[in-house]
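Visitor: One structure, as structure tokens, below. Some questions next.
The values are calculated or read from the model by the stated rules, or taken from the named source; none is laboratory data. The model shown is predicted, which means the values in this text are computed figures rather than measured ones. All Cβ positions, even for glycine, are placed from backbone atoms using ideal geometry, and neighbour counts span all protein chains on display. Ligands, DNA and RNA are stripped out before the accessible areas are found, and what is left, the full protein with its side chains, is counted by its heavy atoms. Shrake-Rupley method; radii C 1.70, N 1.55, O 1.52, S 1.80 Å.
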Amino acid sequence: MTDPVTDPPPSPPAACPARGTPVRLSGLGYQQSPSELYRSLRGIHGPVAPVLLDNDIPAWLVLGYNEVSYVTGHDELFARDSRRWNRWDEIPADWPLLPYVGYQPSVLFVEGAEHRLRAGVISEALDAVDQMELASLCQDIGHALISAFAGSGQADLMTAYAHPVPMRAIVQLCGMPAGGLDTEDLVRDLRLSLDAHEDEDPVAAYGRVQARIEQLVKEKRASPGGDVTSRMLGHPAALSDEAVVQDVITVIAAAQQPTANWIGNSLRLLLTDDRFATTVAGGKLSVGQALNEVLWLDTPTQNFIGRWAVRDTQLGGRQIKAGDCVVMSFAAANTDPQVWPEGHVGAENSAHLSFSNGEHRCPFPAPQLADVIARTAVETLMEQLPDVVLGVNPHELRWRPSIWMRGLGALPVSFTPVLQ
Ligand code: HEM
């Protein structure tokens, strides 16, 4: 293993045309096969590569397992408050990555004692969720969604299933009446706020999400219930309504998007990989193994923006300037050849970095709740539609144009129509 701070990156091949040139982290080619890009960046630049975000804004992409662990474990050097960025004067007001990179006074961006307090409130509010009840809620949600398309013999599982299951589960946990709020619009706005679409405005979509959650917090302040939002409002830390609005948005966005893609990527694996093909009918590898393999090989939060250097420092042999933006590539780190020298990626264990690490990692017990939601969703679908098959050739599947999320735009399937 190398030292993440001081070891120099391997020398790039002298004739390589991309030598020293930052690569754009956008474009369809990258979205369809990011692992090839990571491999080539590693070969050229080593574990920390110069890249360009939208509008050609420079940043560092951290590809090494050791280096990502080092960044997440050293808040004093790589911190979360994005106002440190030394590039803000180049960022336009409609920059597509703004919704989740621009500073918000949420748990995501606060630091130190304030962060520990806010993350603690979220953890305690989530810890009161009964995991058996959550599984049964997700099963009911799954049955209701499946019965809406079961008679047709075909569906796009991303829009009809993978996105709405975690969204309905998390909005109910947060105390929104089932069906009382327009769930489909909320799913759509969250997705738009994370993707790069030419004809949609991510900033406006984020604004609509915020307006909906402000309304929810007002209602729960007036009339608390046994839900996550009410528990956050009633916590002895006495957070302000504004703080709770920000943190409930974070909880919903952080739960819905990665869990939906965890479900979608696992269903894709089950439907396309021979090792799992016979499993559904009682074969070899289990749903649990598919869920775990996805976290290693197709992790939902593929990149996370990010951390900002507190002062001049080094990483992977690179000189990082104070205020530089560091993007953590969990997908690249999980497949780092230093971790998998024999070339075979994947393990039964959960030593992947898919839930990050350190102070700002996905907070306890969110990974367990996500596991309950994803596992129940996948198992319910496989039980209800046992002869489900992919409706297109695997190579026709298209990935979303998102730097953050590794997820399919659509997952068309067909099955014997179920008469109800
Ligand atoms: C019930 C489902 C989930 C909930 C409620 C949840 C909640 C959260 C929250 C509140 C944060 C912010 C933590 C902070 O900044 O202190 C967070 C961060 C994060 N979550 Fe989750 N999450 C869920 C599911 C997932 C899933 C399925 C994944 C990926 C497989 C994931 C990966 C992450 C990552 C990578 C971060 C960023 C951590 C960092 O900045 O280092 N989460 N999550």
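Visitor: Each label point is 7 Å from the Cα along the Cα-to-Cβ direction; what then is the distance between the points at Thr272 and Val418, in nm?
Guide: With each label placed 7 Å out from Cα toward Cβ, I get 2.5 nm.
Visitor: Need the full-extension length gain, Ala148 to Ala222, defined as separation in residues times 0.36 nm minus the C-alpha distance. One decimal, nm. Don't skip to the end; give the middle numbers.
Guide: Details: separation 74, 0.36 × 74 = 26.64 nm, distance 3.50 nm.
Length difference between fully extended and current span is 23.1 nm.
Visitor: What residue among Asp94, Asp189, Asp324 has the largest mean-square fluctuation in a Gaussian network model of the chain, using Cα springs under 10 Å?
Guide: Maximum among the listed residues: Asp94.
Visitor: With a ≥ b ≥ c the root eigenvalues of the C-alpha gyration tensor of the chain, is it rounded (a/c under 1.5), prolate (a/b larger than b/c) or oblate?
Guide: Judged from the Cα gyration tensor, the chain comes out oblate (a/c at least 1.5, b/c at or above a/b).
Visitor: Taking the full set of protein chains and a 1.4 angstrom probe, give the accessible area of Ile252 in square angstrom, rounded to the nearest 10.
Guide: The accessible area comes out at roughly 10 Å².
Visitor: Next question. Remind me, relative contact order of the chain in percent, using alpha carbon pairs under 8 angstrom and six or more residues apart? Before the final figure, lay out the partial values.
Guide: On the way: 713 pairs, mean separation 111.7, N = 420.
Over the chain, the number comes to 27 percent.
Visitor: Can you give the FRET efficiency to the nearest 0.05 for Ala211 and His344, using r as the Cβ-Cβ distance and R₀ = 60 Å?
Guide: On the way: r = 48 Å, r/R0 = 0.80.
Given R0 = 60 Å and the Cβ-Cβ separation, E is 0.80.
Visitor: Taking the full set of protein chains and a 1.4 angstrom probe, give the accessible area of Val372 in square angstrom, rounded to the nearest 10.
Guide: For Val372, solvent-accessible area is about 20 Å².
Visitor: I'd like the FRET efficiency for Tyr103 and Asp130, computed as 1/(1 + (r/R0)^6) with the beta carbon distance as r and R0 of 56 Å, rounded to 0.05.
Guide: Numbers: r = 35 Å, r/R0 = 0.63.
Computed FRET efficiency for Tyr103 and Asp130: 0.95.
Visitor: Quote to one decimal, in nm, the extra length available between Arg116 and Asp54 on full extension: 0.36 nm per residue of separation minus the C-alpha distance between them.
Guide: Working: separation 62, 0.36 × 62 = 22.32 nm, distance 3.18 nm.
Between Arg116 and Asp54, full extension yields an extra 19.1 nm.
Visitor: With a probe of 1.4 Å, find how much accessible area the range 23-414 has per residue, and write the answer as a whole number in Å².
Guide: Values: 15380 Å² over 392 residues.
I get 39 Å² per residue for this part.
Visitor: Counting Lys and Arg as +1 and Asp and Glu as -1, what is the net charge of the other residues whose Cβ lies under 15 Å from the Cβ of Val345?
Guide: Numbers: positive: Arg39, Arg42, Arg275, Arg406; negative: Glu36, Asp273, Glu293, Asp298, Asp336, Glu342, Glu348.
With Lys, Arg at +1 and Asp, Glu at -1, the neighbours total -3.
Visitor: Additional query: Not counting ligands, DNA or RNA, and with a 1.4 Å probe, what is Glu111's accessible surface area in Å² rounded to the nearest 10?
Guide: It works out to around 60 Å².
Visitor: Now for a separate question. Select from Val327, Val389, Val171 the residue whose mean-square fluctuation is largest in a Gaussian network model of the chain (Cα-Cα springs shorter than 10 Å).
Guide: Its mean-square fluctuation being the largest, the pick is Val389.
Visitor: Using 0.36 nm times the number of residues separating Asp89 and Arg361, minus their current alpha carbon distance, what extension gain do you get? Before the final figure, lay out each step's value.
Guide: Details: separation 272, 0.36 × 272 = 97.92 nm, distance 2.91 nm.
Gain on stretching Asp89 to Arg361: 95.0 nm.
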